[in-house]
Amino acid sequence: MNSWRVFSGLVGLGLRLYLRIPAAMFWIMGFPAVMLLGMGTVFGGKADTEVKLVWAQPVPGIAVDEALRKSLEEAGLTIEVVPTNEAEDRWRRGKLPAMLEGTDGKVRLRMNSYLLIQGKQIESMAQQGFLAAQAQARGVESPARIPVALESPSGHPLGSYAAFLLPGLLGLNLLMMGVFSTGIVDVTMREKGGYKRLATTPVPRHVYLAAQVCSRMIILLVSGALLMAVGVLAFGVRNQGSYAALVAVLVLGSACFLSMGYFLGSLARTVETYGGIANLVFLPLMLLSGVYFTLDSAPRWLQRGAELLPLAPLLRILRGIINDGASLGAMGTELAIVGGWTLALFVLASRRFRWI
Amino acid sequence: MQNLAVEARGLQKRFRDVEAVRGLDLEVVRGEVFGLLGPNGAGKTTTLEMLEGLQPPDAGEIRILGRDWRTQGTEIRGRIGVQFQSTQLDDKVKVREALEMFASFYPRSRTPSDLLRLVQLEDKAEAFQSRLSGGQRQRLALALALVNDPELVFLDEPTTGLDPQARQGLWDIVRRLQSEGRTVLLTTHYMEEAEVLCDRVGIMDHGRILELGSPRDLVAGLQQPSHAEIEFLGEPPDPAPLAALLGRSVDVKSPCWVIPLSDPRHDLQQLLNGIERLDVPMRQLHVRRASLEDVFLQRTGRSLRD
């Protein structure tokens, strides 16, 4: 038996089978692109996105305090004056992060406790405008503000939200492929006797498994390329670093999470129990690793802990390459953590793997 | 020694608190169709899996085609073919692709079209595995077992769940395998199948082989190798008078009386005389040869299907 021929045949068959399953294709190929387009548009916007504040008109027909309005607008807010009943209605439906009430020096800012992050920004701008208005009323010159410069951490000019999100989705894709696609197939093959049948043939298990891993890596690289293309076309997000380094990191990450899939698969006897295990691993990893947003407001121990799990450092490396053009040498710690997990999961998965 | 396809001595296998196989000896001669027979849970599948190299026995020795699993596993795998009760391949794999994949595992293999013709699935070559009927899947599994032109074929309950026509078709294939000089080791719980197909059978219960021999010899060795059935219209009457007259037991299996015959020449004469004397209102009389079912019943006191 020619191992190479068996291997390439299995890789080819694996790819063909994958193409025939629309659901799998959607989750790996379509979903990341859709997320990037959707969330990149909603949260991305332009760097100078307008910040809107609704001002409930105190009495119908009576204008709001024009001087305060001017100061608020100078502070950077876009003021929308709305009749009180309509403003109340929007407030109650939870749509407003903050709402300004009253007039003539007796104004009050109501802040939505559910939307504090947006509300805080509005509050600080409103306070500034309010202070400026008071100073003006007393005939004092408006105090100067701290100059603000808007930049991405990487310093390159297109640091939009889409640029932050894209590497996150690349990493998430590896996690989903490993924990869901790979793990479920592994458990099913064992549960339904597919592996057992293979075990009666002379095919070496390492050849069979290497082919499975290889066809999945190819799919991941193709889906990554697709996502990069969407990033360029829709948001102008370009890879600032080396493509060779990017591919190398994606291969390392695939090895890590595919091993994780096989390891988790070895813990479950049925697909039903596997679902629970998979979610137990997938959800915390996705939520704690900063796929969609940074976890800056989370408790420090939680952030530190997440940095030791495989996904967060992988995302740091991906963001480093794509957004900052960093070299791999500059991210030794992150690479060591991801590499350590890959090695550990690979050894565990290999030791625990059973045909039956 | 050389002409043994399967040689097993003192096989034992235990799963936690279940002793699945307890001291099993088995020899299957090359070119023979051998059947392992027994109720569910008798240990047939575990025995087969040990012989197929899937489970190491806790104790005992196995030689397959004169080779040892522990040192010559790859060589054995190249020479055997295995069909399981149910093998779930990938749903989206096509019949031809499955055959090609398995063929690639062996240095020498039969072509897909050749195998498809053998199991009569030529028109399903491009069908997805998930679109096959139960019988078609079984035939695909058989084709996969024959990909490497094996010397020894293991078939685990090959006809379970098949309709009578499909079963006939499978029997034809098994006979053909034998005529090509292959050895077949199959398990079944259909007595009829074992009697029709197998040169020898081993009747298993509770992890042991109780009886071993050709179906004809096993049946002939029974205390009552045949029995008479007296059929009535509706419920049979109380058989006590006839039993007293004959001096032997008469079972009632509605709508029949069943009378075991140890010596048909003499017993049948006596029976007919008794019927005439008592003026039994019978409808029909059948004389039946006992089956492997009766062999199992006599050895265990239980019916196979319980």
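Listing for the model above:
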read-out: Filter result for the condition that a residue is touching a Leu at 6+ places or on another chain (Cβ under 7 Å) and within 13 Å of another protein chain (Cβ to nearest Cβ), over B:VAL174, B:VAL184, B:VAL93; value: B:VAL93
read-out: Where a residue in segment A:334-349 is at negative phi and its partner, wherever it lies, is surrounded by fewer than 16 Cβ atoms within 10 Å (Cβ to Cβ) and not small (Gly, Ala, Ser), with Cβ under 7 Å and at least six apart; value: A:ILE337/A:LEU308
read-out: Residue within segment A:187-207 that is assigned to a helix (DSSP H, G or I), within 22 Å of A:MET286 (Cβ to Cβ) and touching a Gly at 6+ places or on another chain (Cβ under 6 Å) present; value: yes
read-out: Restricting segment A:81-132 to residues that are in a loop (DSSP other than H, G, I, E, B) and among the basic types (Lys, Arg), the residue that is surrounded by the most Cβ atoms within 10 Å (Cβ to Cβ); value: A:LYS95
read-out: Boolean, A:ALA87 is in contact with a Phe, Trp or Tyr (Cβ under 9 Å, 6 or more places away or on another chain) and at negative phi; value: yes
read-out: Enumerated helices (runs of 4 or more DSSP H) restricted to segment A:281-355, each holding at least 3 residues that are closer than 19 Å to A:ALA255 by Cβ; value: A:311-324, A:332-352
read-out: Of the criteria (1) free of Cβ contacts under 8 Å to residues at least 24 places away in the same chain; (2) of a type in the set (Ser, Thr, Tyr); (3) within 13 Å of chain A (Cβ to nearest Cβ), which one B:SER109 fails; value: (1)
read-out: Check on A:GLU307, away from chain B (no Cβ under 14 Å), free of Cβ contacts under 8 Å to residues at least 12 places away in the same chain and surrounded by fewer than 21 Cβ atoms within 10 Å (Cβ to Cβ); value: no
read-out: Qualifying residues in segment B:65-85 (those that are closer than 16 Å to A:PRO202 by Cβ and hydrophobic (A, V, I, L, M, F, W, C)) - the one farthest from the other protein chains (Cβ to nearest Cβ); value: B:LEU65
read-out: Residue ID - modelled with the lowest pLDDT, chosen from residues in segment A:235-253 that are small (Gly, Ala, Ser) and either in a loop (DSSP other than H, G, I, E, B) or over 17 Å from A:ALA312 (Cβ atoms) (or both); value: A:GLY236
read-out: Residue in segment A:214-231 that is surrounded by fewer than 20 Cβ atoms within 10 Å (Cβ to Cβ) and within 14 Å of chain B (Cβ to nearest Cβ) present; value: yes
read-out: Residue identified as farther than 30 Å from A:ARG354 by Cα and in contact (Cβ under 8 Å) with a residue 40 or more places away in the chain among A:LEU166, A:LEU220; value: A:LEU166
read-out: Residues (surrounded by 15 or more Cβ atoms within 10 Å (Cβ to Cβ), among the β-branched types (Val, Ile, Thr) and over 12 Å from B:MET204 (Cβ atoms)) located in segment B:1-27; value: B:VAL6
read-out: Segment B:49-64, residues that are within 14 Å of chain A (Cβ to nearest Cβ) and either at pLDDT below 95 or part of a loop (DSSP other than H, G, I, E, B) (or both); value: B:GLU49, B:GLU52, B:GLY53, B:LEU54, B:GLN55, B:PRO56
read-out: Strands (runs of 3 or more DSSP E) enclosed by segment B:206-276 - at least 3 residues per element that are of a type outside the set (Ser, Thr, Tyr) and either surrounded by 16 or more Cβ atoms within 10 Å (Cβ to Cβ) or over 29 Å from the mean Cα position of the chain (by Cα) (or both); value: B:208-213, B:226-231, B:256-261
read-out: Test for A:GLY129: is it more than 29 Å from the chain's Cα centre (by Cα) and at positive phi; value: no
read-out: Residue that is surrounded by the most Cβ atoms within 10 Å (Cβ to Cβ) [pool: residues in segment A:310-333 that are of a type outside the set (Gly, Ala, Ser) and over 18 Å from the mean Cα position of the chain (by Cα)]; value: A:MET331
read-out: Those residues of segment B:135-166 which are closer than 18 Å to B:ASP123 by Cα and either surrounded by fewer than 22 Cβ atoms within 10 Å (Cβ to Cβ) or hydrophobic (A, V, I, L, M, F, W, C) (or both), in sequence order; value: B:GLY135, B:GLN136, B:ARG137, B:LEU140, B:ALA141, B:LEU142, B:ALA143, B:LEU144, B:ALA166
read-out: Conditions (1) at pLDDT 95 or above; (2) surrounded by fewer than 19 Cβ atoms within 10 Å (Cβ to Cβ); (3) within 14 Å of chain B (Cβ to nearest Cβ); number of the one not met by A:LYS192; value: (1)
read-out: Filtered residues of segment A:223-248 (kept if within 14 Å of A:LEU169 (Cα to Cα) and in contact with a Leu (Cβ under 7 Å, 6 or more places away or on another chain)); value: A:GLY224, A:LEU227, A:VAL230, A:GLY231, A:VAL237
read-out: Count - residues of segment B:278-297 that are in a helix (DSSP H, G or I) and in contact (Cβ under 8 Å) with a residue 60 or more places away in the chain; value: 5
read-out: In segment B:101-134, the residues that are of a type outside the set (A, V, I, L, M, F, W, C), assigned to a helix (DSSP H, G or I) and surrounded by 15 or more Cβ atoms within 10 Å (Cβ to Cβ); value: B:SER104, B:PRO112, B:LYS124, B:GLN129
read-out: Segment B:226-252: number of residues that are of a type in the set (Gly, Ala, Ser) and closer than 18 Å to B:ALA290 by Cα; value: 3
read-out: Some residue of segment B:296-306 being of a type outside the set (Ser, Thr, Tyr), touching a helix residue (DSSP H, G or I) at 6+ places or on another chain (Cβ under 7 Å) and closer than 30 Å to B:ARG208 by Cβ; value: yes
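Here's the yes/no breakdown for (1) farther than 18 Å from A:GLY193 by Cβ; (2) assigned to a strand (DSSP E or B):
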{"residue": "B:ILE76", "(1), (2)": "yes, no"}
{"residue": "B:LEU89", "(1), (2)": "no, no"}
{"residue": "B:VAL153", "(1), (2)": "no, yes"}
{"residue": "B:PRO158", "(1), (2)": "no, no"}
{"residue": "B:LEU162", "(1), (2)": "yes, no"}
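The values are calculated or read from the model by the stated rules, or taken from the named source; none is laboratory data. Computed from a predicted model, the values in this text were never measured in an experiment. In this analysis, Cβ positions are derived from the backbone assuming ideal geometry, glycine residues included, and neighbour counts consider all displayed protein chains.
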